[in-house]
1. Taking region 118-144 as the search range and keeping residues that are in a helix (DSSP H, G or I) and open to solvent by 20 Å² or more (accessible area, probe 1.4 Å), which one is farthest from GLU183 (Cα to Cα)?
2. Somewhere in region 178-186, is a residue aromatic (Phe, Trp, Tyr) and more than 16 Å from the ligand (Cβ to nearest atom)?
3. Could you tell me how many of the residues in region 154-168 are closer than 22 Å to TYR228 by Cβ and in contact with a helix residue (DSSP H, G or I) (Cβ under 9 Å, 6 or more places away or on another chain)?
4. What is the one condition in (1) of a type outside the set (Val, Ile, Thr); (2) open to solvent by 70 Å² or more (accessible area, probe 1.4 Å); (3) without any contact (Cβ under 8 Å) to a residue 12 or more places away in the chain that ASP207 does not satisfy?
5. Scan region 27-86 for residues that are closer than 24 Å to GLY203 by Cα, hydrophobic (A, V, I, L, M, F, W, C) and either more than 16 Å from the ligand (Cβ to nearest atom) or open to solvent by 30 Å² or more (accessible area, probe 1.4 Å) (or both) and jot them down.
6. Please enumerate the residues belonging to region 195-236 that are more than 16 Å from the ligand (Cβ to nearest atom) and within 23 Å of PRO78 (Cβ to Cβ).
7. Condition first: surrounded by fewer than 20 Cβ atoms within 10 Å (Cβ to Cβ) and within 16 Å of SER126 (Cβ to Cβ). Now tell me which residues in region 94-107 satisfy that.
Amino acid sequence: MELTYRPRRLRRSPALRAMVREHSLCANDFIYPLFVHEGSDVEEIASMPGIKRWTLDTLMGEVNRAWGLGIRCIVLFPKVDEGLKSEDGAECFNEKGLIPRAIRMIKSDLPEMTVMTDVALDPYSSDGHDGIVSSDGVVLNDETIEQLCKQAVVQAQAGADLIGPSDMMDGRVGALREALDDEGYEHVGIISYSAKYASAYYGPFRDALDSAPRMDGGKPIPKDKSTYQMDPGNAREAITEAQLDEQEGADILMVKPGLAYLDIIYRLRQDSELPIAAYNVSGEFAMVKSAAERGWIDEKSVVLETLLCFKRAGADLILTYHACDAAAWLGGETP
Ligand code: PBG
């Protein structure tokens, strides 16, 4: 055949493929999530093989391991003791709470590590919601934001570098920016869960924190988060959410979940010049792990391909439970 264009010419060797590859992965792209609890034993999380609930004594070992693999940002999630949960989630702004203590420890032992936090009430809420639930079953927006501002200021005080509001209340980014600035934390950034969908992919995470909505109390508790998290059928609305967050002062925009929402990552990338993060959530992790355990897929190849595809879709950063494994596989080099 007389062909002018033969795209296969540039696929002939690993060297040629590497030269023309448009996107690559490195450990700096990853944000590594860590679960922490008050207990004295490191616990396994059944639906998230290889991910643990660390104790305050063992957390630093894992943070140092991540650093050694090239990871430069971690995010902390607490499993809060039942007795500390309440309807208004007030434990979230206890200066001596689990998260402020964990942040202080990391920032004193390894100050160069970027520490991100999650801002929402669900780990602290006896109703299992990201906000305060009224007696007639409504998740209250403005009252919740008051709690979130106090939570963020306490996290910043403890040394957090990036505050991550995952609650999806309206106007929270602006309110958090103002609260942080008022207290002298204008250097603390906001990585906003801008397009966070009401997704069934969060199941294993809610097991890890025991944070699912609870319907056993005396009041009518909404059974899911669909009055504040986004409807999976919507794409344009994600742009609206992201634009609001940007106007309100977000430094980084996040899309969550990641895999079924690559189009949303792409759209935000077209619409904003801010860094974009993808959250490769617990259910996505569990699916890969369970298939790999059965030998049905090759874990390393599937993970590296998946993470690379987040970059191709337009993400600069990837929050992923695979972070340490992937960083180790990359061995400091891009694939
Ligand atoms: C809570 C929060 C959730 C996740 C991160 N922060 C769960 C939820 O919204 O119910 C999920 C993360 C994951 O599934 O990995 N604000």
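1. Looking at the filtered set, the residue picked out is ASN141.
2. yes
3. Residues in region 154-168 being closer than 22 Å to TYR228 by Cβ and in contact with a helix residue (DSSP H, G or I) (Cβ under 9 Å, 6 or more places away or on another chain): 6 in total.
4. (3)
5. Within region 27-86, VAL42, ALA46, TRP54, LEU59, LEU84 qualify.
6. If the condition is that a residue be more than 16 Å from the ligand (Cβ to nearest atom) and within 23 Å of PRO78 (Cβ to Cβ), then ASP216, GLY217 are the ones that fit.
7. Within region 94-107, just ASN94 meets the criteria.
The values are calculated or read from the model by the stated rules, or taken from the named source; none is laboratory data. Please read these numbers as outputs of a predicted model, since none were measured by experiment. Neighbour counts are summed over all protein chains in view; Cβ atoms, including those assigned to glycine, are modelled from backbone coordinates with ideal geometry. Ligands, DNA and RNA are excluded from the accessible area calculation, which covers all protein heavy atoms including side chains. Shrake-Rupley method; radii C 1.70, N 1.55, O 1.52, S 1.80 Å.
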